[in-house]
Each structure stands twice: as C-alpha cells, then as structure tokens.
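*Asks:* Pasting in a structure now, in structure tokens, and then I'll have a few things to ask.
Since every read-out is calculated from the coordinates, none of them should be taken as a lab result. Note that the structure is predicted; figures quoted are calculated from it, not measured. Heads up, the Cβs are rebuilt from the backbone with ideal geometry, glycines too, and the neighbour counts pull from every protein chain shown.
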Amino acid sequence: MKEAFIGRQAILDQRKQVYAYEILFRSGLKNAFDPNLDGNIATQTVMVGAMLEFGMKKLVSDKKAFINFTEQNLLSRAPKLLPPESTMVEILETVQPTPEILEAVRELKQEGYKIALDDFVLLPGYEPLIEMADVIKVDFRITEDPEERRKLREILPSHVRLLAEKIETEEEFRQALEFGYVLFQGYFFCKPVILHQKKITSNALSRMRLLKEINRPDVDFAAITEVISRDTNLVHKLLTYINSVGMGLANHVSNLRQATVLLGLSGVRRWVTLISLQTFSEDKPSELFTLSLLRAKFCELLAGSIKRPGLTADTGFLLGMFSLIDVLLSQPMDEVLKEVALTAEMNAALLGEDNDLRHLLDLVIAYEKGDWEQVIERCAREGIAPEQMKPTYDAVLDWYNALQSVS
C-alpha cells in the first residue's frame, strides 16, 4: 500500500496575508506526482481527504482551497462534490480546451465556482479558457525571463488575477508585485531579510528579556510569575490560554498563581514563547506565526515517536517555535540566540548543525514544503512509519484551530 500525504501551501496577497491554500496530494514516494499514479485518482483522493478525513474548514478555515482537476474530473463534474464558496477549481496545464471541457467549465462558472489555470503558458486555442479564468498561475521557475513575466500582464485580460508561483526570494516577490501580479505562492516570506540596524520595540525587548529568564537553567519560577503579574495584558492572555478548550481543564481558572501552578515550568515556558513570538510577528505576514505554531506542535507530536536521548515533547515544541525567530525579528539567528538562554543542542539545531533536533526540524519542514521524497527518507531515518505523518498533521491542525478559536 502506498503512503498518501495531504498538505497545504499558503497563497498570499499583495500585503503578504493569506488569501488561500493550495491542497496537495502526493503518493509519498516521489517529490513529484508518481508517474504510475493516475491524476484523476490523485484529485479524488484530495477531495475525499479534504471532506471526510480532514474537513475543508480544518484545512483552510475561511480561506479558499485551490485543488487540481484533470480532464476526466472536469468532464465528470467532480468539483461539484465541493462547496463553490470555498473551492478554486485549478485546471491542470495538460487539459485541452475541447468543446466538452469548455462546456463543463462554463457550467461550473454558472454555479459560482472560481477557475484557476495552473502552470500557464500562452498557447493558441486557449482563449476561451483564459476568458473564463479568475486566476492564472505563472511558475517563475518555468517563466524565468523577467520580460516574459511582465508581458503576461499586458497580454492577458484585465479581469484575470495573476498568481506568481514558486517565489523563493523577496526580490522575486517585489518584481512580481511591480509587474502587476496580485497573488504569490512560495517560501519567500519565511526567508530572513536581515536588518542589522533594525530597532526592536520596547514591547519586543521586554518579551526577549522574559524569554531569556524563562529559559535559564536556574530559572526562578516565582520571579517569572511576579514579572507576568505586573502586566495585566499578559495575565489576561495567560488566563485565556489556560481556560481554552485545548487545555482540557474541568474547572475555570481565575487567578495567576493557580494558572502558573497548573501549567508548571514547562507549560509557562511554552506559553511565554508563544506570546513572545506573537509580539514579534505583529509587523510580519500572519502566516509566519501560523508556521511557527504548526511547526511547534508537529515537532512536539513527532518527538514522542522518536526515541532519542533528550528529545522530549517540550523540546520539540520549543524547537518549532524558535525556528523562524530570525525572520520574525529580521536579525541573524546567531545574534538572536545570544539573547535567549536556550540549550547548546537547541542552538546548534537552529543554526543548522547536524544533530537529533535538527533531524526532527528538517522532517517537519520537508512535510511543510510537500517534499515527499525527503519525508519518506527522513521518516526511515527516524524510525517513524510514513503513514503516521498524515494523522499527526491532522492532529496539528485540530490543535491550531482550537487555539485560534480562543486567541
């Protein structure tokens, strides 16, 4: 039996806010579609997974879901299995604009579905599909010439929104923005843009100090509680957090001392890290904080399945949370780590050195990017069954959505 993975990749708007998520299915054996796997089966698996195993709301919340559809899917009206208000019908580049296909797409448009054309290359005969398209995706790894990227905006109808795909650097994002593209897909937003002279706000500085204190080997728990008690906003956030549905407490917690005792040192450390990174992310794309949270929970859950000395659930959670702190603060990772009293092993992993913590983080990042070949290889290295990944990711999204509902 082949392993099956379902993942998602963010699609951002001009303000770097999440517009939609592309839902990805892979056989788990290659970093591209398995050539022996029929594309129609792949799309059907995505739809069944989205609706039954995960649930569309869990996968994309209130955003749209971009899902690939083959010619056969379109002819059988398969997109109608999904709600039009949350589904972007992404037509693969292999689909020919036959009369039957054009009729199927017109029908979908009439029923409220939005249409996207994937990996677009301008070819004769595609004009009717272009006219019906709402979004056209341009792969910047295929369309490499900047002049070609720019001309597409001049040639294509003005009602079509252009999506720049596989944007890997801030420079590519700015170029696409300048050329009139309005949607962006890629990992440019989680690459550090280092600003050595960036002034850190007083609020962020206070959170940095709190982070440093809570991570000291000789941490004074009473002193940490005292620091939190002086900030009414922090107290409110802590009580909201501990009374959230995700904590599973039977009785309502109404005072700080009771909250800190119930959470314990590791629980307070997690919460301080979470609230600090939320502060650091105020002027950044919201997806950065989301990625930090998803990585944290994913690392935590997988750490429980990996038998390595010193690799605990708490360590995994902190590893994921800190993995993007350099991007959030626009500072080099080595400089940020000087201000936070993490363990030597954690510092080494965050700086990219080869150790057990880094192996765990690399597995999570591979899943995040849909690099399924790397996922399979790293699962084997860590002794994790690949089929465990999808239900674990399901649990991560459950936790994240519960956390969002009380934040």
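*Asks:* Put +1 on the Cβ of every Lys and Arg and -1 on every Asp and Glu Cβ in the range 104-221; which of Gln185, Val160, Pro146 then has its Cα farthest towards the positive end of the dipole?
*Replies:* Checking the options against the dipole of the range 104-221, the answer is Gln185.
*Asks:* Let me ask another. Going by how many other beta carbons lie within 10 Å of each one, how would you line up Glu144, Glu90, fewest first?
*Replies:* In increasing order of surrounding Cβ atoms, one gets Glu144, Glu90.
*Asks:* For a quick check: sort Phe120, Phe140 by the number of other beta carbons within 10 angstrom, fewest at the front.
*Replies:* Lowest count first: Phe140, Phe120.
*Asks:* Beyond 15 Å, how much of the Cα-Cα pair distribution for the range 53-117 remains, as a whole percent?
*Replies:* Here the tail beyond 15 Å accounts for 47 percent of pairs.
*Asks:* Just to be sure I understand: if I project the alpha-carbon convex hull of the range 60-170 onto a plane and average over all orientations, what area do I get in nm²?
*Replies:* 7.6 nm²
*Asks:* So how strong a dipole does the chain carry about its Cα centre when Lys and Arg Cβ are +1 and Asp and Glu Cβ are -1, to the nearest 20 debye?
*Replies:* 1400 debye
*Asks:* Based only on other Cβ atoms within 10 Å, what is the fewest-to-most ordering of Ile384, Ile23, Ile6?
*Replies:* Ascending Cβ contact count within 10 Å gives the list Ile384, Ile6, Ile23.
*Asks:* Any idea what angle helix 99-110 forms with the longest principal axis of the chain, computed on alpha-carbon atoms, 0 to 90 degrees, nearest 10?
*Replies:* Roughly 50 degrees between the two axes.
*Asks:* Right, next: Would you mind pulling out the separation of the Cα centroids of the range 262-295 and the range 304-367, in Å?
*Replies:* 14 Å
*Asks:* In nm, what is the difference between 0.36 nm times the number of residues separating Arg209 and Arg150 and their Cα-Cα distance?
*Replies:* Between Arg209 and Arg150, full extension yields an extra 16.6 nm.
*Asks:* For the pair Gln404/Leu265, report the inter-label distance in nm, with labels modelled 7 Å from Cα in the Cβ direction.
*Replies:* Reported label-point gap for Gln404 and Leu265 is 3.5 nm.
*Asks:* When the helices in the chain are scored as -39500 (n - 2.57) per DSSP H run of 4 or longer and the sum is shared across all residues, what 222 nm value do you end up with, to the nearest 500 deg cm²/dmol?
*Replies:* Dividing the helical sum by the residues of the chain leaves -15000 deg cm²/dmol.
*Asks:* Of His252, Phe322, Ala223, whose Cα points farthest to the positive end of the dipole of the range 202-406 (charges on the beta-carbon: +1 Lys, Arg; -1 Asp, Glu; origin at the Cα centre)?
*Replies:* His252
*Asks:* If you don't mind, there's one more thing I want to ask. To check you understand DSSP bridge types, tell me what percent of the beta bridges within the chain (both residues inside) are antiparallel, rounded to 5.
*Replies:* 30 percent
*Asks:* Let's test the formula: R0 of 51 Å, r as the Cβ-Cβ distance of Glu226 and Val121. What FRET efficiency results, to the nearest 0.05?
*Replies:* That gives a FRET efficiency of 0.20.
*Asks:* Okay, next question. Distance check, please: which entries in Lys212/Lys297; Lys212/Lys390; Lys191/Lys390; Lys151/Lys390; Lys58/Lys369 exceed 30 angstrom between their Cα atoms?
*Replies:* Lys212/Lys390; Lys151/Lys390
*Asks:* Relative to the compact globular guide of 2.2 N^0.38 Å, what is the alpha carbon radius of gyration of the range 202-406, as a ratio?
*Replies:* Against the empirical 2.2 N^0.38 Å value, I get 1.01 for the range 202-406.
*Asks:* Which of Phe66, Phe221, Phe289 moves most in a GNM of the chain, Cα contacts under 10 Å?
*Replies:* The residue that fluctuates most here is Phe221.
*Asks:* Okay, next question. What does the convex hull of the Cα atoms of the chain come to per residue, in Å³, rounded to a whole number?
*Replies:* Cα convex hull per residue, to the nearest whole number: 157 Å³.
*Asks:* Now a separate question. Give the relative contact order (percent, whole number) for the chain; include only Cα pairs under 8 Å separated by 6+ residues.
*Replies:* 16 percent
*Asks:* Contour minus end-to-end for Lys338 and Arg15, with contour as 0.36 nm per residue of separation and end-to-end as the Cα-Cα distance?
*Replies:* Result: 113.1 nm gained on full extension.
*Asks:* Separate question: If you plug each phi of the range 150-163 into the Karplus form 6.51 cos²θ - 1.76 cosθ + 1.60 with θ = phi - 60°, what whole-Hz ³J(HN,Hα) values come out, in order, with x for Gly and Pro?
*Replies:* Rounded to whole hertz, the list is 5, 5, 4, 5, 6, 7, 6, x, 5, 6, 7, 8, 8, 10.
*Asks:* Which stretch or stretches of the range 79-100 have amide N atoms under 18 Å from the point lying 7 Å from Lys57's Cα along the Cα→Cβ direction?
*Replies:* Inside the label zone: 82-87.
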